[in-house]
1. Kindly indicate the residue of region 72-107 that is among the aliphatic types (A, V, I, L, M) and near the ligand (Cβ under 8 Å from one of its atoms) and also nearest to Glu40 (Cα to Cα) among those meeting that condition.
2. Do any residues in region 87-106 that are in contact (Cβ under 8 Å) with a residue 40 or more places away in the chain and polar (S, T, N, Q) have Cβ atoms under 8 Å from those of residues that are more than 6 Å from the ligand (Cβ to nearest atom) and not in a loop (DSSP other than H, G, I, E, B), where the two are at least six apart or on different chains, and which pairs are they?
3. Suppose we filter region 53-70 for residues that are under 17 Å from Lys42 (Cβ atoms) and under 19 Å from the mean Cα position of the chain (by Cα); how many remain?
4. Out of Ala65, Ala92, Ala99, I need the residue that is among the aliphatic types (A, V, I, L, M), at pLDDT 90 or above and in contact with a Leu (Cβ under 7 Å, 6 or more places away or on another chain). Which one?
Amino acid sequence: MANRNMFVRLMILVAAILLLAYPAASRPEYLKYFKDFPDEIKKCTLCHVQSSGYGGLNPFGRDFAKIGSLTPELMQLDSDSDRYSNIEELRAGTMPGDANSYPGKSTPDFTADLTVVGLLVAAGIITRKLK
Ligand SMILES: [Ca+2]
């Protein structure tokens, strides 16, 4: 019985690690618009406030939703008011919806950091339960 409980807990830990380690990806129907741009922009925070894709749209996401496609009008806008047009940012691999990300200064991707923190918390919880 004890071995079975330990096996179940180990499987839960493995599942948690896999879920935390799997990076969130942009939805394919929107990602197709950005296929010719650097990989650095191909994540949920291109259009959303949070890397999970929740939390609403950022300024670029709102402009994209309003216009509906990558039109010349959208490309010439500076959605996040950081003095770089959306097309300059997309070509440079920086985020046109984040004023703290612009050519020459990209924002770090916190997804990897959050994954490590999540793994450490999960390992701590499981270890504590096994004692
Ligand atoms: Ca920006």
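1. If we take residues in region 72-107 being among the aliphatic types (A, V, I, L, M) and near the ligand (Cβ under 8 Å from one of its atoms), then Met95 is nearest to Glu40 (Cα to Cα).
2. Sorted first by the residue in region 87-106, then by its partner, the pairs are Thr94/Glu40; Thr94/Ile41; Thr94/Lys105; Ser106/Glu40.
3. Of the residues in that region, 6 qualify.
4. Ala65
The values are calculated or read from the model by the stated rules, or taken from the named source; none is laboratory data. None of these values were measured; they are calculated from a predicted model. FYI the Cβ positions are ideal-geometry reconstructions off the backbone, even for glycines, and counts take in every protein chain you see.
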